[in-house]
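Quick note: the coordinates plus some simple rules give every number you see, no bench work behind them. Just so it is clear, the structure is predicted and the values come from calculations on it, not from any experiment. Here the Cβ positions follow ideal geometry from the backbone for every residue, glycine too, while neighbour counts run over all protein chains shown.
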Amino acid sequence: MKKLVLVFMAALAVSCGENKKEEKPGMKIGTQVEEKTTPVEATTDSDSKEAVVTLEGNDQMKFNKSEIRVKAGQKVKLTLKHVGKMDKAVMGHNWALLTKDADMAAVGQASATAADTDYIPADMKDKFIAHTKMLGGGESDTIEFEAPSEPGTYTFMCTFPGHYALMQGKFIVE
Ligand SMILES: [Cu+2]
């Protein structure tokens, strides 16, 4: 394998020199060349089309981010990691994004009694744009959703009983 790579590198070096003056389309055909260009395209793609967000919740009842910025209508891939050790029943965390008209305190209070539905109140589902599942220490969850098309400041929170007092932040759509 190493030999193959060396041979290829040598061939590339030679062909690059030759190609400075005359383009040889034939030289570009080959799996090695494709491997080189594909990752670059993928990076460009994710930069412009998808916002990749990672945030953490811990045993101190805190998110490590208080603000998340995305573009209107952008695809968002969000991962929440519970970096603590405590059990889900005691220090559960989720990440929930609320609609613009939602009242965080009202959602928080309703959520506190919604243990059966993972602390997402069934009668307030229309107030949630997206949410992860409830996590215990060491767990993580990744969700994908579309950012609102209407720019503005939205609220994110953890809906575990009492947590939204500390675990909340701004989701800014630009
Ligand atoms: Cu929490």
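So the values come out like this:
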| read-out | value |
| --- | --- |
| Sole residue being in a strand (DSSP E or B) and within 16 Å of the ligand (Cβ to nearest atom), chosen from Asp141, Asp59 | Asp141 |
| Failed condition for Ala110, given (1) away from the ligand (no atom under 14 Å from the Cβ); (2) surrounded by 13 or more Cβ atoms within 10 Å (Cβ to Cβ); (3) within 21 Å of His82 (Cα to Cα) | (3) |
| In the range 119-130, residue nearest to Trp95 (Cα to Cα) [restricted to those that are surrounded by 13 or more Cβ atoms within 10 Å (Cβ to Cβ) and more than 12 Å from the ligand (Cβ to nearest atom)] | Ala130 |
| Only one of Val70, Val83 that is surrounded by 13 or more Cβ atoms within 10 Å (Cβ to Cβ) and away from the ligand (no atom under 13 Å from the Cβ) | Val70 |
| The range 86-107, subset within 16 Å of the ligand (Cβ to nearest atom) and farther than 17 Å from Gly136 by Cα, residue surrounded by the fewest Cβ atoms within 10 Å (Cβ to Cβ) | Ala105 |
| One residue from Phe160, Phe156 being within 12 Å of the ligand (Cβ to nearest atom), in contact (Cβ under 8 Å) with a residue 24 or more places away in the chain and under 16 Å from the mean Cα position of the chain (by Cα) | Phe156 |
| Subset of the range 84-112 (residues that are β-branched (Val, Ile, Thr) and touching a residue at least 40 places away in the same chain (Cβ under 8 Å)) | Thr99, Val107 |
| Matching residues, the range 133-174, being aromatic (Phe, Trp, Tyr) and buried (at least 20 other Cβ atoms within 10 Å of the Cβ) | Tyr154, Phe156, Phe160, Tyr164, Phe171 |
| Filtered residue count, the range 119-133, keeping only those that are over 24 Å from Lys75 (Cβ atoms) and in contact (Cβ under 8 Å) with a residue 12 or more places away in the chain | 4 |
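Rundown of residues vs (1) part of a helix (DSSP H, G or I); (2) over 20 Å from Asp59 (Cα atoms), yes/no style:
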{"residue": "Ala105", "(1), (2)": "yes, yes"}
{"residue": "Gly108", "(1), (2)": "yes, no"}
{"residue": "Asp116", "(1), (2)": "yes, yes"}
{"residue": "Met124", "(1), (2)": "yes, yes"}
{"residue": "Pro148", "(1), (2)": "no, yes"}
{"residue": "Pro161", "(1), (2)": "no, no"}
{"residue": "Phe171", "(1), (2)": "no, yes"}
